[in-house]
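What follows draws every value from the coordinates through simple rules; no lab data is involved. Given the structure is predicted, the values throughout are model-derived calculations rather than measurements. Please note: Cβ atoms are built from the backbone with ideal geometry, for glycine as well, and neighbour counts cover all protein chains shown.
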Amino acid sequence: MYIRFLTSKNCARTKMRVEVQFKQTSPASRGWVIGHRSPVLSKVEASSRLSKENMATGIIADNQFLYLMSRSILALILGFLFSCDPKPDSKTEAQSKPNVIFILADDLGYGDVGFMGNQIIETPNIDRLAEESLVFTQHYSGNTVCAPSRSAWITGLHTGHTPIRGNKEVQPEGQYPMPDTLMTIPKLMKQAGYVTGGFGKWGLGFIGTSGDPMSQGFDQFYGYNCQRYAHRYYPGHIWDNDQKVELPENGWENKVTYAPDLIHQQSLEFMEENRDNPFFLFLPIIMPHAELAAPEDEIFEKYRQKIGEEKPHIGGKAADYGPDMNIGAYQSQPYPRATHAAMVERIDRYVGEVIAKLEELGVRENTLIFFASDNGPHREGGHDPDFFDSNGLYRGYKRDLYEGGIRTYLIANWPGVIDGGRESDHSSAFWDMLPTLAELTGQEPPKTDGVSFLPTLMNQEEQKKHEYLYWEFHELGGRQAIRQGDWKLVKLNVKNPGETKVELYNIAEDPGEERDLAVDFPEKVEELVSLIEEAHQPNSIFPLFESEKE
Ligand SMILES: [Ca+2]
Ligand SMILES: [Ca+2]
């Protein structure tokens, strides 16, 4: 199948039209699996894929493809897309800029999806998306828990530099706010003329603070402001910007409205409303983070049958919905395995519905989609990650700096522009997204820790590499980790100098981090330890060491 990457726009004085046709490696049109409310799984036929009859220009042969995607052509296309005034002055011009969607799953393990080998959970949409995409297999989350991972993503700064380095709670609702002085991804996209929307879970500052999503560049943020409240899938309220959306049918006591479904519907509406504008859509989906909760629909029933008898999870004191409920706790769950599987498949339905919506709106070919997880699989609220092999071949879970806690794949999909059916072993991380989008939109990036991976996206060879990747985690005695080439050093118990332990692994030879080579390579250990010291910048709000406390 051949499709055409067609872009045209009208600037004030010039009228230009560019037609480039690329060979697409993905299979011919087939439907996305959608409809998580319907008792029968439905399939829709793709409505807006370009047919062969639409092809107006010549077909580019495989051996010409790399040549055509050389940097000069790329610069020409991107320069053309982004050269006009950022404010769209016509529908045609507005549509010429690609929409960008970043789907962020919460605590989804590397091995929780079909295309990464899961044998129990069905994720046909994510599998198909991956098949038609470039998949970065050496990609890393910003951190091993939610808020610092998102802070690294949104600022382009790793956790040695980014302002939010832990989950720091604020009462009665919210987390410690990000400052509003840094460049962020939504601010960058707004500068490029995009409408910016976020739908899901925030966690970087309550309404009215510097960390409010609207102070960070979002035109609209709909969902949970507070991570702690997002432990509850049937909340009493969520937020639409600064407006409280009351859900009296739940009222923190009853389980009627499953909030992720409501948030997902709002994100589809955002796409409809902005069909004629270039939009940046951030979808930080709440699932499959604890608590374990899923509607008792056909997805859940399927897994209850498939998994059979299982051991119930007992939530403990104030864990269950009711007048005395502790919001931050996790409810009891009689079917923890079936529920986890149903939550992951529900993410998959959302992904299918987002893509089907793009097709319905006729903007699928002009939309760049990313998909990743914010950290590794959790072990909370009754979830048993080993039953599903949620961490795949990697060691560790959420809160570890072993690969299982921080490794994610990054799916990058843009039909006809990003050559699909590819994997890249380019070493990359969440803090690369801001410089990548800066380069995509033709903007000078601020100083970040990131490296734009746009050349890899566009199948070019001259990809700049990281000197190293760095993470720090302040709980459980304090942990730091660094990856440099194939080497990975993990430092444990860093807050207690007498008990600090250093481990060295060769990830290429030992991806499961089973053989500690620290004793065998003392010089490498010394080098990486000094790089860790260089990477960590003291922060009195999030002190890793005693000396940083004010
Ligand atoms: Ca998370
Ligand atoms: Ca495993």
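The calculated FRET efficiency for residue 302 paired with residue 393, based on their beta-carbon distance and R0 = 30 Å, is about 0.65.
Length gained on full extension, residue 311 to residue 486: 59.0 nm, using 0.36 nm per residue less the C-alpha separation. Listed values for the stretch 189-197 are Karplus-derived 3J(HN,Hα) couplings in whole Hz (6.51 cos²θ - 1.76 cosθ + 1.60, θ = phi - 60°), namely 5, 4, 4, 8, x, 8, 7, 10, x, and x replaces Gly and Pro.
Residues whose amide H lies under 5 Å from that of residue 221, counting only those 5 or more places away or on a different chain, are 198, 241; hydrogens are built 1.01 Å from N in the peptide plane. Look at the alpha carbon pairs under 8 Å that are at least 6 residues apart: their mean separation over the length of the stretch 403-550 gives a relative contact order of 13 percent. Between residue 423 and residue 180, the modelled label-to-label distance comes to 4.5 nm, taking each label 7 Å out from Cα in the direction of the beta carbon. Taking Cβ atoms as reference points and 11 Å as the exclusive limit, the residues near residue 537 contribute a net charge of -4, counting Lys and Arg as +1 and Asp and Glu as -1. Just the Cα atoms of the stretch 471-548, one point each, no solvent: what log10 I(q)/I(0) does Debye give at q = 0.15, 0.17, 0.23, 0.27 Å⁻¹? Results for the stretch 471-548 at q = 0.15, 0.17, 0.23, 0.27 Å⁻¹ read -0.52, -0.65, -1.10, -1.36. What the phi angles of the stretch 207-222 give under the Karplus curve with 6.51, -1.76 and 1.60, with θ = phi - 60°, is a coupling list of 3, x, 8, 4, x, 3, x, 6, 7, 9, x, 8, 6, 9, 10, 10 Hz, glycine and proline written as x.
This model, with +1 at the C-beta of Lys and Arg and -1 at the C-beta of Asp and Glu, gives the stretch 332-451 a dipole about its Cα centre of some 340 debye. If the segment from residue 548 to residue 255 were pulled out straight at 0.36 nm per residue, it would be longer than the present Cα-Cα gap by 101.1 nm. Each Lys or Arg adds one and each Asp or Glu takes one away; over the other residues whose Cβ falls under 11 Å from the Cβ of residue 287, this sums to -4. Using only the Cα atoms of the stretch 223-318, each taken as one equal point scatterer with no solvent, compute I(q) by the Debye sum, divide by I(0), and report log10 of the ratio at q = 0.13, 0.20, 0.21 Å⁻¹. Per q value, in the given order, log10 I(q)/I(0) is -0.58, -1.13, -1.19.
Near residue 513, once Lys and Arg are set to +1 and Asp and Glu to -1 for all other residues with Cβ below 10 Å from its Cβ, the sum equals -3. Taking max minus min of the alpha-carbon positions on each principal axis, the stretch 410-499 gives extents of 55, 29, 21 Å, largest first. Couplings for the stretch 330-345, taken from phi via the Karplus curve 6.51 cos²θ - 1.76 cosθ + 1.60 with θ = phi - 60°, read 10, 5, 5, 8, x, 10, x, 6, 4, 5, 4, 4, 5, 5, 5, 5 Hz in order; Gly and Pro are left as x. For the stretch 256-366, dividing the convex hull volume of the Cα atoms by the residue count gives 117 Å³ per residue.
Note on residue 533 and residue 168: the model spin-label points, each 7 Å out from Cα along the C-beta direction, lie 2.5 nm apart.
One chain, two ends: residue 240 and residue 277. Fully extended at 0.36 nm per residue, the span grows by 11.3 nm beyond their Cα-Cα distance. Residue exposure proxy: 204, 517, ordered by other Cβ atoms within 10 angstrom of their Cβ from fewest to most, comes out as 517, 204.
Across the cross-link table entries 311/495; 168/357; 465/501; 168/549, which are compared at the Cα atoms, the separations over 27 Å belong to 311/495; 168/357; 465/501.
Placing +1 on each Lys and Arg Cβ and -1 on each Asp and Glu Cβ, with no other charges, gives the stretch 471-548 a dipole about its Cα centre of roughly 200 debye.
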